[in-house]
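Just below is one structure, and these are the notes that go with it.
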Amino acid sequence: MKKNRCFGALYKFELLKILKNKVAVIAFLIFFIFGFVQGEFEVRGNIDPDTLKEHMTLDGRILDDQLLGEWVAVTDEYGEVTDEKNIAYETLTEWIKDIAGYGVVLEDINESRLYEERLKIIDEAYADSYLDEGEIEYWKAQEETLEKPFVWKDSFISFGLQNGVSNTIIIMMLVISVSLSTSFSAETQRKTDPMIRASINGGKETYFAKILAGTTYSFVTVILYLGIFVGYVAIKWGLSGMDALEQVIYPCTQMKLTVGETTFILILLTVLGSLLLSTATMFVSCLLRNGMGTMGIIVGGYFGLFALGTSVPMHMKTLSKICCLLPPTQISPRLVYEFRLFKIAGHYFRSYQVAGASYVIISAALLVIGYFLYKRYEIKSN
Amino acid sequence: MKLSVDRITKQYKNKLAVDRISFDLTEGVTGLLGANGAGKTTLMRMMSGILTPTGGEISADGIPVQAESYRALLGYLPQDFGYYPEFTAKEFLEYFAALKGIERKRAKEKTKELLELVGLSDVAGKKIKTFSGGMKQRAGIAQALLNDPKILILDEPTAGLDPKERVRFRTLIEELGKNSIVLLSTHIVSDIEHIADRIIMMKDGALVWQGRQSDVEGDLEEFYLKRYE
């Protein structure tokens, strides 16, 4: 007789288990509200919202001697804007200092010196990153594709947007660890697993129903959050500056990406990173059969990997590159400053490309290994 | 149908929980008697396919216990089972109906029928966390009956039931035993005295006696206590 898998019904009930978990619901609601809060404050910080429009007065200007001359005229010798009326030059000040340096005299800055300084910083970055010849050649070829002088677009909004998007992953880590840590462990802790495992669909069907429910929850949560945050920013502040080159935020990157493209990359990495976090959480829940232990490992592991990613020295090239792929370190707007490449099948790939693919591969591997763990798990005593 | 248990053994590191037990069961009610720690639960878990024996075999009409088709025949109520506090009784049964491969329409019908049978139809929409111990036990019994099992394994099913519920339960089991193999474990002799056709007694993992109730000399409780002297 053909077995009726009832997968749809099992999936529905697994989702119900997550959604009926009060802690998960509270975490989700806090996250939901935080989307609006971040939308408000991540962009404007402490400044008056009315002054944001004034920041955009210079949008579309070429970053050449003419603009730099104007800038010198409205700033002191160290580049600080001297009059509130010239607020539009504030973000430009930060941009110039990112290249020319902080605490140095800038009154004689010009276009040629600025762009030369930029290339010097990039050369230092090559050395600090222990790049090989092939990698350096790659980036020099990328540099050739950039149109210079750059066109200025104020990055107040876009900087806040990218920061807000990249902060999402840490919040997702907390929500996922709270909501999904009991996905498998609850059956052991609640003593429902004997009845489940004695049922015809208590094996493979139940495992995949749980996985699908957990990843659905994670996916919907991250999309909803990003929708709220980006939507709020778009409606309240507008999305100006998305078509500018990422160099207006991070001047020393050589990637030919617009601000919009970089933001999209961050969004995609956040979604894939959330997928990885949800599969990792459910894997640990299946392995440990303990909700609190699972949460501890996911939260502690996340911060531990962040510490690892930022402390492994660059000269330990392979380990350092691998650590930088992980969500805590990778999902940051500063991914545009990652010069180290991965050579796969004779082609160079950037770290964000490899990171995204690796999150999917690792998630798939965890699902497969988790299935074998689930099948082999024996209910010894409850 | 014949349920065969052949030299079943379960060895843990420091303990032999079940020691080469063999018996065959056919339709009817079999009572599994033994003190706490006798190995009844371990035996029942192996017979439910959720615990792998160290040795021996269990099969039903040649279908091994590990097979999916065995689980299709099985209804199992563990000792001290769990539930989902936020699920209603109806949701609980419909969930387990899905686990037992019962399609949606039939699951709804069967849920309604079983809630009626165990006296929970008035509280079908209430959360299980609001139930008394006896009500939870009845929900558990209903769960075990969802797929009209040919093999029904009940581990201490009367725990938490009041005397009236106990009598009702015995009547239900007696009825089920006409067409199914029912194995019911307990350490309360009166639970099986009037309904079990066969008795199996365990002590320290071993089978100390098995036979028909009619073979028991005198009072079952006295006979049982003598076996443990």
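For (1) of a type in the set (Lys, Arg); (2) modelled with pLDDT of 95 or more; (3) touching a helix residue (DSSP H, G or I) at 6+ places or on another chain (Cβ under 7 Å), each residue gets a yes or a no:
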position: A:ILE297; (1), (2), (3): no, yes, yes
position: A:LEU308; (1), (2), (3): no, no, yes
position: A:THR318; (1), (2), (3): no, no, no
position: A:LEU341; (1), (2), (3): no, yes, yes
position: A:SER351; (1), (2), (3): no, yes, yes
position: A:VAL354; (1), (2), (3): no, yes, yes
position: A:TYR359; (1), (2), (3): no, yes, yes
position: A:LEU366; (1), (2), (3): no, yes, yes
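Counting only helices (runs of 4 or more DSSP H) wholly contained in the stretch A:296-382, the ones carrying 3 or more residues that are within 22 Å of the chain's Cα centre (by Cα) and within 30 Å of A:ASP193 (Cα to Cα) occupy A:351-376. When the stretch B:6-29 is filtered for residues that are part of a loop (DSSP other than H, G, I, E, B), surrounded by fewer than 15 Cβ atoms within 10 Å (Cβ to Cβ) and in contact with a strand residue (DSSP E or B) (Cβ under 8 Å, 6 or more places away or on another chain), only B:THR26 remains. Residue-level check: of (1) in contact with a helix residue (DSSP H, G or I) (Cβ under 6 Å, 6 or more places away or on another chain); (2) at the interface with another protein chain (Cβ under 9 Å from one of its Cβ atoms); (3) farther than 22 Å from B:PRO157 by Cβ; (4) surrounded by fewer than 24 Cβ atoms within 10 Å (Cβ to Cβ), B:ILE63 misses just (2).
Is it fair to say A:GLY8 is small (Gly, Ala, Ser), loosely packed, with under 13 Cβ neighbours inside 10 Å, within 14 Å of chain B (Cβ to nearest Cβ) and at negative phi? Taking the combined requirement at face value, the residue satisfies it.
Let's see how each residue does on (1) in contact with a strand residue (DSSP E or B) (Cβ under 8 Å, 6 or more places away or on another chain); (2) within 14 Å of chain B (Cβ to nearest Cβ); (3) of a type outside the set (Lys, Arg):
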{"site": "A:SER177", "(1), (2), (3)": "no, no, yes"}
{"site": "A:THR182", "(1), (2), (3)": "no, yes, yes"}
{"site": "A:MET195", "(1), (2), (3)": "yes, yes, yes"}
{"site": "A:PHE229", "(1), (2), (3)": "no, no, yes"}
{"site": "A:GLY241", "(1), (2), (3)": "no, no, yes"}
{"site": "A:LEU272", "(1), (2), (3)": "no, no, yes"}
{"site": "A:THR279", "(1), (2), (3)": "no, no, yes"}
{"site": "A:MET282", "(1), (2), (3)": "no, no, yes"}
{"site": "A:CYS286", "(1), (2), (3)": "no, no, yes"}
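Every test in (1) facing chain A (nearest Cβ under 10 Å); (2) in a helix (DSSP H, G or I); (3) in contact with a helix residue (DSSP H, G or I) (Cβ under 8 Å, 6 or more places away or on another chain) is passed by B:LEU146 save one, and that test is (2). Take B:GLU165 and decide whether it is within 12 Å of chain A (Cβ to nearest Cβ) and over 16 Å from the mean Cα position of the chain (by Cα). Considered against the rule, which asks whether it is within 12 Å of chain A (Cβ to nearest Cβ) and over 16 Å from the mean Cα position of the chain (by Cα), B:GLU165 comes out as no. Among residues that are assigned to a loop (DSSP other than H, G, I, E, B) and either under 21 Å from A:GLU187 (Cβ atoms) or away from chain A (no Cβ under 14 Å) (or both), B:GLY140 is not included. I'd like the residue in the stretch A:2-39 that is basic (Lys, Arg) and assigned to a helix (DSSP H, G or I) and, out of all such residues, is nearest to A:GLY164 (Cα to Cα). Checked the stretch A:2-39; the qualifying residue nearest to A:GLY164 (Cα to Cα) is A:LYS22.
The values are calculated or read from the model by the stated rules, or taken from the named source; none is laboratory data. Everything numeric in this text was worked out from a predicted model, so none of it was measured. Every residue, glycine as well, gets a Cβ built from its backbone with ideal geometry; the counts of neighbours run over all protein chains shown.
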